[in-house]
């Protein structure tokens, strides 16, 4: 009944508006662009990117030929186009699909005028659902090449099982057949009319022919660093760039007896009228309005089909026009409009038109005629010959794109960056920074050459010298790079002093830019790129800059200079002299192509992309073009929303990249501030007009991000160098009085004791792995006695970079001689379990990272930060409890001070093991480049970096080691380390490893290979071996100053009388004091040892001469020794019923629960557990009762997630996780005997 009423309604609509002009629809008022052309602008679109896949009774023989009769009756999908530009390709590519009850069949036919030797891969991308929730990649490797291509066409892609392929080739033709079981695609049964989604991609060898696809793809890139793999990226699945393919037949409409037909209307066009208003028209032909109904459906990249109800119909001569309104197109990607025409007595017609969001924006922009701002009278300049300064600069401007990275032939071991000195007075000469040798020279003659063809059809030569090892040195190209950068740096100054001279420089740049070619500019992998075979272009390259992420950084000086010169008549004067419109040439032949080149790359919200946003903003202001401004605004909004974690840290939880990103986005916001669009302009990108723009009002969370760099600092003001953080860097405003804290989203915890003379900090990290990360689960770092005694090495660009990334280069546990996982569930980091830091005497944190290794059931760490009683200067010790279960080799590793001369000393008898932590006679190849791990014949590469190794066997599992440090012969701080582990096959190794001291102390100028090899730090590895090991590493670490002695005399593990699995009890003795520390994995069981009983998660008892002095209870109900006991109510557990967020308009950041929470929970940590087991911890600010529920307010932190009425929850920040199920919490109670 509903369908019949709808059909009648549409007929009425059709007749009522039959004679109404399309523009008369009053409903579209403020979404229709003001001051636009009357007829609208045609949107580039496709009618042939969809179809029907026939069902067959019997599949073809899979032999690579398409001669089977079944293929003859199946229509081909053709019309492949290049990436971004959507130009037809020379080769004729056809794809056919069919299916039967059990399998999908794919036929490929590729014919080329040239030989098919460049062809490498075909990739078929499909989704067996209309919503594209899951995608599959069906690869066909045509031939093997080096480097091997790794294709990444977007998220949620997997390769199905049991693919069968066969290929047949001739010189100019290749055919192939592919079949895959339907059940490997997650499909048990195909129903006729089901909608699937498909695309096909044709891939050639780099530098030969363009990448092409059936459904147009817009953005792409190549990541090639010179190793055995080249990775191709394109936004396919994330932008749903797939065509609709119906299985068996088109879906039936209202009339079940109908067999709908595919329809491609004549004289079809789709026109832009406003961001949500379009008009489609086509030749009416045999459509009788009185007997026809139309249904329109709209599909955005990430949504299902949505029926459009708001449309109007008009006839204009032989054309039928449909004006309609649709959802706002704010996503990048492929959009589809489906039209279903039901005709009385005739077959239902189906049509799908596909178009890109960029096409919508381009059509919308052409409707708005940009008026240049009123400039007033231009300053007059006279025609005159160029000055000597301008002549010199004109001569320096290169006619070829250069390379930044150029090695030094007489020092091939050095990282190929910043190795030369260049002087404008000798523009054709480079001088070595390590000798008086000048380049180019006869000794290292550039007698080899790479040639490419530029857009003008000219052959461009790049000469180079190649040494015996195969390294290439592009010395002349580095000269070009230096010369170009120098002139770009002079432009704005010349523009102010000599506008006509500056016009000459800009004109010269516009002339040479036409012949510039893109580059791949990566250390030891520099090469020019043929612009005629891209996109994709190389991510590590560009034309103005050496890196696509910041391609427009060196572009801005050109635009800034243009804006200055344009206030004069210099362009007009020069135009008369040279005989062409100079200003038009700058815009059409340099500015606009530069932007188009940038736009071919994916927007990754990368830490350097702010440079491109600044370039867009600068050009938008200079040309008074709001489209560039809105593009920069959209990038800024996406960057802020998509790259920050809820605690304010940039998603790449490294301070160096956090600062770069945060400072960068703030620069962009500053540049955009105050912008007002021209009168009448409504952006086809955002659908709004900007007036006196202030983005900081919209994103106050950016203010929180500044505090990150103030908190994560050592007492000496230097950054805590986690992951890819430069260890030499300092905070500009360090919060040196800040105490212990937990960053819940970043996975960083710190215990701290603040004092002027001896501040101490202990960090435990379990960070997510969203970029620039290390393989460092549960890394421990200690700063005490003025030194980083347990260091995190930090960042480097030397050939030790892979060492610094490795698990072994951190203070943690290595399992089975391999780096920890950083993908899958491990990508999101570990989980906080306990954070109890309110007591200065005893502070505790516990975290687990059970996904760090697939073979482990438990991977958890629990450091205690304990102060000696009566300590005058923060003296105390760390007790480290590390539990690992699973795997056959566990290696607990610590490293000593990286900034001073240091070593590990021990009284244990040691014997020589070898030059590396490797078995005897293993052939070692040490790394030569930044991305080179080195090679040890299949052994773990981390062992290469532990040098001069000595060994001791520890069958009893006990050892004592002392870290001794000195500076220029003067003793500095020391640290006694005492360790206990289960008896067994245990080995202690002491050696030394690269410390990157020169980089850490002096910055990037000393971050060179020749400096890196000079300095080592002490390295300790405690190795346990056995089948399916369980290890409990117990380690006491006591820092002490020069001239002092360690206080701890003994530590021992206590054997419990009753305990749960994994329970640890340790007795630490010093003088007349004994500390007994008890730790249980959970609080569900009772622990008993001697006369001590713990009912809880953790406890500590301090004795003096055997008498109880104090007790500490965490997460439990009682702790007892003899007749002395403390009792409490125990931890609070409950379910979260709702979330309050100030960012969402609530008065506070808080969690709502029905559970009762005591007032003494203030200052404690509430640990939230999400339905998938992920945990986050927050400090409790207050507890109130509202409407009968408990409201737990948290301190200085957004909850990070929201919850709807059905209990479903969603992370509002990166990575935007969604959960279904109960969200629970736990608050560990803290109780002290002497409160």
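A short reminder: the numbers here are calculations on the coordinates, not readings from a lab. All values reported here derive from a predicted model rather than from experimental measurement. For neighbour counting, all protein chains shown are included, and Cβ atoms are generated from backbone atoms with ideal geometry for every residue, glycine included.
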Study note, to complete from the structure: For region 186-239, the Cα-Cα pair-distance distribution in 10 Å bins from 0, as whole percents, is 17, 40, 25, 14, 4
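Okay, helix-only estimate at 222 nm for the chain: each DSSP H run of n ≥ 4 adds -39500 (n - 2.57), divide by all residues, round to 500 deg cm²/dmol; what do you get?
For the chain, the value works out to -4500 deg cm²/dmol.
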Check your understanding: When only alpha-carbon atoms count, how far does the chain stretch along each of its three principal axes, as whole angstroms with the largest first?
Key -> 106, 84, 69
Point to revise | Å³ per residue enclosed by the Cα convex hull of region 712-1042 | key: 133
Review point. For the residue pair residue 1220 and residue 389, what label-to-label distance in nm results when each label sits 7 Å from Cα along the Cα-to-beta-carbon direction?
Key: 6.9
Review point. In whole angstrom, how far apart do the alpha carbon centroids of region 956-980 and region 677-754 sit?
Key: 37
Check your understanding: Name the residues of region 1190-1220 whose amide N is less than 17 Å from a point 7 angstrom out from the Cα of residue 1146 along the C-beta direction?
Key -> 1190-1213, 1219
Point to revise | Relative contact order [Cα under 8 Å, 6+ residues apart], region 847-957, whole percent | key: 18
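Assuming 0.36 nm per residue, please report the length gained on full extension of the stretch residue 90 to residue 825 beyond their Cα-Cα distance.
Net length gain for the segment: 260.2 nm.
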Check your understanding: Assuming R0 = 60 Å, what is the FRET efficiency of residue 920 and residue 1154, from their Cβ-Cβ distance, to the nearest 0.05?
Key -> 0.40
Study note, to complete from the structure: Relative contact order of region 375-602 (C-alpha contacts under 8 Å, at least 6 apart) in percent is 24
Check your understanding: Using Cα pairs under 8 angstrom and six or more residues apart, how large is the relative contact order of region 50-246, in percent?
Key -> 28
Exercise for review: Quickly work out the residue 286-to-residue 589 label distance, labels modelled 7 Å from Cα along the C-beta direction, and quote it in nm with one decimal.
Suggested key: 5.5
Exercise for review: Once you have all Cα-Cα distances for region 410-567, histogram them in 5 Å bins from zero and send the whole-percent values.
Suggested key: 2, 8, 15, 19, 19, 16, 12, 6, 2, 1, 0, 0
Check your understanding: For region 39-143, what is the Kirkwood hydrodynamic radius in Å, using each pair of distinct C-alpha atoms?
Key -> 16.1
Exercise for review: Principal axes first, then extents: for the Cα atoms of region 1049-1128, list largest minus smallest coordinate on each axis, whole Å, largest first.
Suggested key: 35, 24, 18
Check your understanding: When the chain is fully extended, how far beyond the present Cα-Cα distance does residue 307 get from residue 162, taking 0.36 nm per residue of separation?
Key -> 48.4 nm
Review point. Hey, quick one: spin label on residue 448, modelled 7 Å out along Cα-Cβ, who in region 472-494 has an amide N within reach, i.e. under 13 Å?
Key: 472-475
Check your understanding: Over all directions, what mean area does the Cα convex hull of region 1087-1158 project, stated in square nanometres?
Key -> 6.9
Check your understanding: Roughly how many whole Å is it from the C-alpha centroid of region 493-533 to that of region 1119-1188?
Key -> 60
Point to revise | Centre separation in Å (Cα based) which lies between region 884-942 and region 1039-1054 | key: 27
Review point. Of all the C-alpha pairs in region 846-962, what % are more than 25 Å from each other?
Key: 46
Point to revise | FRET efficiency estimate (nearest 0.05) - Cβ-Cβ, residue 1057 to residue 738, R0 45 angstrom | key: 0.60
**Study point:** Inter-probe distance in nm under a simple model that places probes 7 Å from Cα toward Cβ, at residue 855 and residue 953
**Key:** 2.3
**Study point:** Antiparallel %, DSSP beta bridges [both residues in the chain], to 5
**Key:** 95
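Please give the peptides 69-82, 504-517, 881-894 ranked by average Cβ packing (other Cβ atoms within 10 Å per residue), highest first, as a rough proxy for protection. Walk me through the numbers on the way to the answer.
On the way: 69-82: 16.1, 504-517: 20.4, 881-894: 22.0.
Packing proxy ranking, top to bottom: 881-894, 504-517, 69-82.
Quick one: if the Förster radius is 51 Å, what FRET efficiency do residue 1232 and residue 971 give, using the C-beta to C-beta distance and rounding to 0.05?
Calculated transfer efficiency: 0.85.
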Review point. By how many degrees, 0 to 90 and rounded to 10, does the Cα axis of helix 475-497 deviate from the longest principal axis of the chain?
Key: 80
**Study point:** Extension gain (nm, one decimal) between residue 1049 and residue 344, 0.36 nm per residue minus Cα-Cα
**Key:** 244.1 nm
Review point. Going from the alpha-carbon gyration tensor of region 50-246, what semi-axes, largest first and in whole Å, does one get by taking the root of 5 times each eigenvalue?
Key: 25, 20, 16
Practice item. Take region 604-708, drop everything but the C-alpha atoms, weight them equally and run the Debye formula without solvent; then report log10 I(q)/I(0) at 0.16 Å⁻¹ to two decimals. Key: -0.66
